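Read the structure below first, then the notes.
The values are calculated or read from the model by the stated rules, or taken from the named source; none is laboratory data. Here the structure is a predicted model, which is why all the values come from computation and not from measurement. Positions of Cβ are generated from backbone atoms using ideal geometry, with glycine treated the same way; all protein chains shown enter the neighbour counts.
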Amino acid sequence: MGAEVYMFTTSPSKMEDGKRLGADHFILSKDPEQMKAAAGTLDLILDTVSADHNISDYMSCLHYDGTLVLLGLPVNSISLYPTDIIFGNRALAGSNIGSIQETQEMIDFCAQHGVVVDYELIEPTYINEALERLHNSDVKYRFVIDTQKI
């Protein structure tokens, strides 16, 4: 689709999956040298992390006029220095979910372009265990509940 894709990760073990899913480059976010090298280089960051994390670290990776879009929903409030936005004319945006029509357009686009996602399908009876695994950071990507089993 024309974009160079960078994947931020806290775990080198996810890099192989990142390659399979289309990432061109990797930034280990726990490595200060890699984060420093990425400073001012990206136009857009789609932040899907639902855990608490330092948004300022990622804002610094944006190029002039870059935008960071929050898609994940951290539990606690985010901390951000005003200079992260003002210096560099950067923007912080958010998106929750689209309308049914927009969601269908996104699914159609993904199908047309081979965009896929990894997930773990669970039965409704497994929800409590899934929540416990989420709490313990023992899930690689996302859980999807099989609603046909309800």
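Points to keep in mind about this one:
- From Ile45, Ile27, residue being of a type in the set (A, V, I, L, M, F, W, C) and more than 12 Å from the chain's Cα centre (by Cα): Ile27
Residue by residue, here is whether (1) touching a Leu at 6+ places or on another chain (Cβ under 8 Å); (2) closer than 29 Å to Leu134 by Cα; (3) among the aromatic types (Phe, Trp, Tyr) holds:
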| site | (1), (2), (3) |
| --- | --- |
| Asn54 | no, yes, no |
| Cys61 | yes, yes, no |
| Gly66 | yes, no, no |
| Leu71 | yes, yes, no |
| Pro74 | no, yes, no |
| Ser77 | no, yes, no |
| Ile85 | yes, no, no |
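- Among the residues of the stretch 1-11, the one identified as modelled with pLDDT under 95 and outside any loop (DSSP other than H, G, I, E, B) is Thr9.
- Restricting the first member to the stretch 24-41 and to residues that are surrounded by 11 or more Cβ atoms within 10 Å (Cβ to Cβ), and the second to residues that are of a type in the set (Gly, Ala, Ser) and not in a helix (DSSP H, G or I), the beta-carbon pairs closer than 8 Å and six or more apart or on different chains are Met35/Ser29; Met35/Ser60; Ala39/Ser60; Gly40/Ser60; Gly40/Gly88.
- Scan of the stretch 48-72 for residues that are at pLDDT 95 or above and charged (D, E, K, R), ordered by number: Asp65
- Apart from one condition, Gln112 fits all of (1) over 19 Å from the mean Cα position of the chain (by Cα); (2) surrounded by 10 or more Cβ atoms within 10 Å (Cβ to Cβ); the exception is (2).
- Selection over the stretch 77-104 of residues that are surrounded by 13 or more Cβ atoms within 10 Å (Cβ to Cβ) and modelled with pLDDT of 90 or more gives a count of 6.
- If you go through the stretch 12-44 and pick out every residue that is on the phi < 0 side of the Ramachandran plot, out of contact with any Gly (no Cβ under 7 Å at 6 or more places or on another chain) and outside any helix (DSSP H, G or I), you end up with 11.
- The residues listed here are Asp65, Asp52; of these, the one that is exposed (fewer than 14 other Cβ atoms within 10 Å of the Cβ) and on the phi > 0 side of the Ramachandran plot is Asp65.
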